[in-house]
Amino acid sequence: MRKLILLYFFTAIAVWAQQMSIGSIAQKGVCAVAGVTGNVTINCPGVDPSVLRVLNEQFRARLKERDLHIDQITKDANEWKDRFLDLTTRLADAGVNDSLQRRAEELLKEGKLDEAGRVLDEVLTAEEKNVDQLAKNQFNRAAPFELSLEPLRALPHYEKAYNYRPNNPAYGQSYAILLYKQGDFGKAEVIFKGVLEMRREMAKGNPQYLPDVAWTLTNLGFLYRAIQRLKESEDALTEALQTYRGLAKANPQVYSYVAATLNGLGLLYDTTHRLKESADAYTEALQTYRDLAKGSPQYVPDVAWTLTNLGVLYGSTQRLEESADADAEALQIRRELAKANPQAYLPVVALTLNSLGTLYKSKNQSTEAAPFCNEAAAILKQLAAQNPAIYSPLLSQVCVH
C-alpha cells in the first residue's frame with residue numbers, strides 16, 4: 001500500500017524521467033526555478049539577460065500548477081533556454097547577405113517571437129527553390145513556436161525539414177522528440193531508429209558523435225518504456241549506459257548521465273520484478289550523485305530523489321529499517337532545500353513526511369508515525385489554503401495505510 005501511495009504522490013518519482021526525458025542535451029548554465037505564486041523566476045547562470053527576460057515572460061504567462069512539479073518546470077526551462085540559444089546561433093551563422101535572417105535574430109533577442117516568426121516566413125518564401133536552405137529554414141521556423149510553448153504549430157515545420165532532408169539526424173531527432181511528446185509513438189520510433197543508424201555510422205569514423213548515439217538510445221529507451229516494450233527499453237538503456245560510462249572516463253561531467261540512466265534502469269528492473277538489480281542500479285546512482293553533489297550543489301535534489309527510489313524499493317521488499325533510513329535522509333535534504341525555496345520544496349517535504357509516517361504505520365508503530373503524519377497534514381493544509389485545487393485532494397491521502 002505504501003508503494004501505491006507514494007506513486008500517487010510522487011507523480012515524477014524517478015529522477016531519470018525528470019533529468020533525461022525525451023529532449024536535447026542541456027548546454028552550459030543550468031537553470032533553476034524560484035519564486036512564489038504568480039511570480040515565478042527562472043535563473044540560468046551564464047545566460048544573457050535578454051534570453052532570461054524572454055524565458056521568464058513566456059513561463060510566467062503560461063505555466064500552471066508549477067508548485068507540484070518544480071523539477072519538471074526546471075527541465076522545461078532548460079529545454080526552452082537550449083532551443084532559444086540554438087536558434088539564435090543558427091541564425092547568427094547565416095550568410096553575410098541573409099538580411100532577413102539577421103532581422104529575425106534581432107527580433108528573437110528582443111523577445112518578439114511572433115515577429116521573428118513572420119520574418120522567417122518571408123525567408124521560406126524567398127528561398128523556396130533551395131532545398132538544403134529550405135530544410136534549414138523550416139527547422140529554424142519551428143523553434144519560435146516551441147519557444148512560445150506551441151508545439152503543435154512547430155510540428156509541421158519539423159516534419160517538412162525532415163522530409164526535405166531525412167539524412168540530417170538533427171532534423172529527425174527534433175521531429176521524433178515532438179512526435180513522442182504528442183503521443184505518436186509509432187512514427188517517433190521509426191524516425192528515432194533511423195537517426196540512431198545514422199549516428200552510429202557517424203561515430204565509427206569520429207568518436208565525438210558517441211554522445212549523440214547514447215542520447216538517441218536513451219530516447220528510444222524511454223519510448224519503449226512508455227509503450228511497455230520493456231526488453232527493448234532495457235537493451236537501449238543498457239547500451240546507452242555502457243556508452244556513457246566510456247565517455248565519463250575522459251569527462252567526469254558525463255557521470256550525471258550515467259547516474260540518471262542507472263535510475264531509469266532501476267525503475268525498469270523494479271517494474272520487471274528484478275529487485276536485486278534494481279537496488280544495485282539505484283545504489284550506484286546514489287553514490288554517483290553524492291560524488292557529483294560535493295562539487296556541484298545542483299545535484300543535491302537528485303540525491304534526494306534517488307534516496308526516495310531506494311526507499312520505495314526497500315519498502316516493497318520488507319527492508320523496512322533501510323527504507324526508513326533512506327526516507328529520513330531524503331527528508332533532511334529537502335528540509336534544507338525548502339529553507340531557501342519553500343514554495344518549490346515544501347510540497348515534497350510534506351510528501352516525504354507522509355512516506356515516513358505511512359512506513360511506521362505499516363509496522364504498527366503509530367506513536368512513531370504520528371509526528372510525521374501530523375506535520376505532513378499541517379504543511380498540506382498551509383499549501384491548500386493557497387492552492388486548494390492542487391493540495392486539498394492530497395489531505396485525504398495523508399498516512400493512509
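The values are calculated or read from the model by the stated rules, or taken from the named source; none is laboratory data. Note that the structure is a prediction, hence the values are computed from the model and not measured. Ideal geometry is used to build each Cβ from the backbone, glycine not excepted, and the neighbour counts take in all protein chains shown. SASA here: full protein model, heavy atoms, side chains in, ligands and nucleic acids out. Shrake-Rupley method; radii C 1.70, N 1.55, O 1.52, S 1.80 Å.
Structure summary
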read-out	value
Single residue of Ala126, Ala154, Ala142, Ala135 found to be among the aliphatic types (A, V, I, L, M) and either at pLDDT below 90 or surrounded by fewer than 14 Cβ atoms within 10 Å (Cβ to Cβ) (or both)	Ala126
Every residue from segment 35-55 that is at pLDDT 70 or above and surrounded by fewer than 17 Cβ atoms within 10 Å (Cβ to Cβ)	Thr41, Asn43, Pro45, Asp48, Pro49, Ser50, Arg53
Filter result (under 16 Å from Tyr158 (Cβ atoms) and either in contact (Cβ under 8 Å) with a residue 60 or more places away in the chain or touching a Leu at 6+ places or on another chain (Cβ under 7 Å) (or both)) within segment 192-204	Phe192
Per-region count, segment 181-199, residues closer than 21 Å to Ala226 by Cβ and open to solvent by 50 Å² or more (accessible area, probe 1.4 Å)	7
Selected residue (criterion: farthest from the chain's Cα centre (by Cα)) from residues of segment 363-399 that are within 21 Å of Asp327 (Cβ to Cβ) and β-branched (Val, Ile, Thr)	Thr367
Every residue from segment 113-123 that is at pLDDT below 85 and among the charged types (D, E, K, R)	Glu122
Subset tally (residues that are out of contact with any Asp or Glu (no Cβ under 6 Å at 6 or more places or on another chain), among the hydroxyl-bearing types (Ser, Thr, Tyr), in a helix (DSSP H, G or I) and within 24 Å of Gln332 (Cα to Cα)) for segment 251-304	5
Total residues in segment 316-346, condition open to solvent by less than 40 Å² (accessible area, probe 1.4 Å), in contact (Cβ under 8 Å) with a residue 40 or more places away in the chain and assigned to a helix (DSSP H, G or I)	4
Positions within segment 347-369 being in a helix (DSSP H, G or I), open to solvent by 40 Å² or more (accessible area, probe 1.4 Å) and of a type outside the set (Asp, Glu), in sequence order	Tyr360, Lys361, Ser362, Ser366, Thr367
Those residues of segment 200-218 which are assigned to a helix (DSSP H, G or I) and open to solvent by 30 Å² or more (accessible area, probe 1.4 Å), in sequence order	Arg200, Glu201, Met202, Lys204, Gly205, Pro207, Gln208, Tyr209, Leu210, Pro211, Asp212
Restricting segment 157-180 to residues that are part of a helix (DSSP H, G or I) and charged (D, E, K, R), the residue that is surrounded by the fewest Cβ atoms within 10 Å (Cβ to Cβ)	Glu159
Residue count for segment 105-114, restricted to those that are more than 19 Å from Leu155 (Cα to Cα) and part of a helix (DSSP H, G or I)	5
Residue check for Leu313: crowded, with 20+ Cβ neighbours inside 10 Å and more than 23 Å from the chain's Cα centre (by Cα)	no
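Listed here are the residues, each with its yes/no results for (1) modelled with pLDDT of 95 or more; (2) over 21 Å from the mean Cα position of the chain (by Cα); (3) within 23 Å of Trp80 (Cα to Cα).
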residue: Ala176; (1), (2), (3): yes, no, yes
residue: Glu189; (1), (2), (3): yes, no, no
residue: Gly194; (1), (2), (3): yes, yes, no
residue: Arg199; (1), (2), (3): yes, yes, no
residue: Gly205; (1), (2), (3): no, yes, no
residue: Ala250; (1), (2), (3): no, yes, no
